[in-house]
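Engineer: Provided herewith is a single structure, encoded as structure tokens, for subsequent inquiry.
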Amino acid sequence: MSANGTVVSEGLEGIVAAQTRLSSVDGQAGELVIAGFPLEELADKATFEEVIFLLWHDSLPNAQGLGRMSAGLAAQRALPAATLNLLRDVAKERASVMDALRMGASTLSLQGENAAPGDPRLDQARRDALSLVARFPTIVAAYWRLLNGEEPIAPRADLSHAANYLYMLSGEAPSAERTRGLETYLNTVVDHGLNASTFAARVIIATQSDMVSAITGAVGALKGPLHGGAPGPALDMVFEIGEAANAEPYLRRKLEAGERLMGFGHRVYKVRDPRADELAKAAEIMFKADGDMALYNLVQDVEQTALRLLEEYKPGRKLQTNVEFYTALLLHGLDLPTDLFTPTFAISRVVGWTAHCFEQQATGRLIRPQSMYSGTKDRRWQSIDQRS
Ligand code: ACO
């Protein structure tokens, strides 16, 4: 609090800045509700197309609505030539995939050759949202292949959103189990209250700027390591441990050295992150179908040992498994390299961002908090030859 009694809320912690029907996060109870559905009710049942419809229209689609949504997305998957040309240049500089996604996203306000025209029945914001959601997987997959010296694979309209993403990466249509595994992941991380990137998108759209600008800004916010997270290090830790017998000495060494165990602890969740449960279940099903069960079992051992040691070294801090730990296992099981973990998060969260933008456009005001001036007020002008 300042001398004049102004309360400064650094990081806006505890400030409620918007109303939303899109998701509810209860960190004490460990509950996540997505558009009215408890996460566990939705995550492993819905297709990602159904979740997109739910967030955009506040109800599950009937068969006709789902058909329209699926066809609308499939029609928009190909990239405009300008986007693809840009990605080719960016790959020469070996920029990160998140940087390429940010640059690629910003080109989607162009209507060039190769790009299917938007649906004229939709307003501009809805047309842009459809284009962004449909094309994020194409940008990520095309860029990843270019970065690895391979030609992009054209999207297939007959595959679902999730299956087509995996297809564009590898050239092989995925099994039903792998598609289901990815859909459960995408459903699980689609929205999470007023997190930093969602807030960034709402701030931009609240100025009556456009959808592409809002989403490009959100990608920039998600890229930061404090937000997009790093499930990569959680996976590296499991690989370094290698076998169950090494888990305890390895984790003890880290904790003795004052290091943090990646994939544990959360600012909001003080009980187990409900997303970790959903992803663990999805990983188990997928690994049992066609995966490396030894890795799955090792991850379970590492988790149990980590939780026991965290309670021993950090009693009362309520450090539980977070979403990153099982994200790492699930996405690794889908053969995604760690460099694609955060971009794949963006492929899901772009749906939440666009839905928040619609909400903000419908109900929100310009977002304009205040700052408290902490400088002096009595400086006097000096010409350049007077300055030291
Ligand atoms: N391993 C060991 N100790 C930990 C961990 C951890 N993963 N997380 C917190 N602690 C300890 C801290 O050292 C601190 O100990 P102290 O009281 O002795 O000083 C205590 O627990 C409280 O820590 P804070 O930093 O106050 O907790 P905060 O809520 O700010 O941190 C965070 C949350 C950043 C996620 C933290 O738990 C962490 O760094 N985890 C590891 C990284 C990780 O998994 N990040 C992904 C999070 S999920 C997401 O963002 C989508």
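The values are calculated or read from the model by the stated rules, or taken from the named source; none is laboratory data. This one's a predicted model, so the numbers in the text were calculated from it and none came from an experiment. Cβ sites come from the backbone with ideal geometry, for glycine too, and all protein chains shown count toward neighbours. Only protein heavy atoms, including side chains, enter the accessible area calculation; ligands, DNA and RNA are left aside. Shrake-Rupley method; radii C 1.70, N 1.55, O 1.52, S 1.80 Å.
Engineer: List, please: which pairs have Cβ atoms under 8 Å, are six or more places apart or on different chains, and start with a residue in segment 49-73 that is within 19 Å of Thr184 (Cα to Cα) and end with one that is open to solvent by 20 Å² or more (accessible area, probe 1.4 Å) and polar (S, T, N, Q)?
Structural biologist: Going by the 8 Å Cβ cut-off, the qualifying pairs are Glu49/Ser70; Glu49/Ser160; Phe53/Ser59; Leu66/Thr47; Ser70/Ser160.
Engineer: A further question on this structure: I want to confirm something. Restricting to segment 221-252 and keeping residues that are within 13 Å of the ligand (Cβ to nearest atom) and not in a helix (DSSP H, G or I), which single residue is surrounded by the most Cβ atoms within 10 Å (Cβ to Cβ)?
Structural biologist: Here the residue is Gly229.
To keep it simple, each residue is scored yes or no on (1) assigned to a helix (DSSP H, G or I); (2) of a type outside the set (Ser, Thr, Tyr); (3) away from the ligand (no atom under 16 Å from the Cβ); (4) not assigned by TED's automatic domain parsing to the domain that holds Leu132.
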{"site": "Tyr326", "(1), (2), (3), (4)": "yes, no, no, yes"}
{"site": "Leu329", "(1), (2), (3), (4)": "yes, yes, no, yes"}
{"site": "Ser348", "(1), (2), (3), (4)": "yes, no, no, no"}
{"site": "Val351", "(1), (2), (3), (4)": "yes, yes, yes, no"}
{"site": "Ala355", "(1), (2), (3), (4)": "yes, yes, yes, no"}
{"site": "Phe358", "(1), (2), (3), (4)": "yes, yes, yes, no"}
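Engineer: Looking at this structure, is Val203 more than 16 Å from the ligand (Cβ to nearest atom) and in contact (Cβ under 8 Å) with a residue 40 or more places away in the chain?
Structural biologist: Answer is yes for this residue.
Engineer: Another one. Scan (1) part of a loop (DSSP other than H, G, I, E, B); (2) free of Cβ contacts under 8 Å to residues at least 12 places away in the same chain; (3) of a type in the set (Asp, Glu) for the single condition Asp119 breaks and write down its number.
Structural biologist: Here Asp119 meets the rest and fails (2).
Engineer: I'm checking my understanding of the structure. Among residues of segment 254-268 that are more than 6 Å from the ligand (Cβ to nearest atom) and not in a loop (DSSP other than H, G, I, E, B), which one is farthest from Lys314 (Cα to Cα)?
Structural biologist: Going through the qualifying residues, I end up with Lys254.
Engineer: Looking only at segment 139-172, count how many residues are among the aromatic types (Phe, Trp, Tyr) and open to solvent by 40 Å² or more (accessible area, probe 1.4 Å).
Structural biologist: Adding up the residues that qualify gives 1.
Engineer: Considering each residue of segment 1-45, count those that are assigned to a helix (DSSP H, G or I) and either surrounded by 10 or more Cβ atoms within 10 Å (Cβ to Cβ) or hydroxyl-bearing (Ser, Thr, Tyr) (or both), and give that number.
Structural biologist: 5
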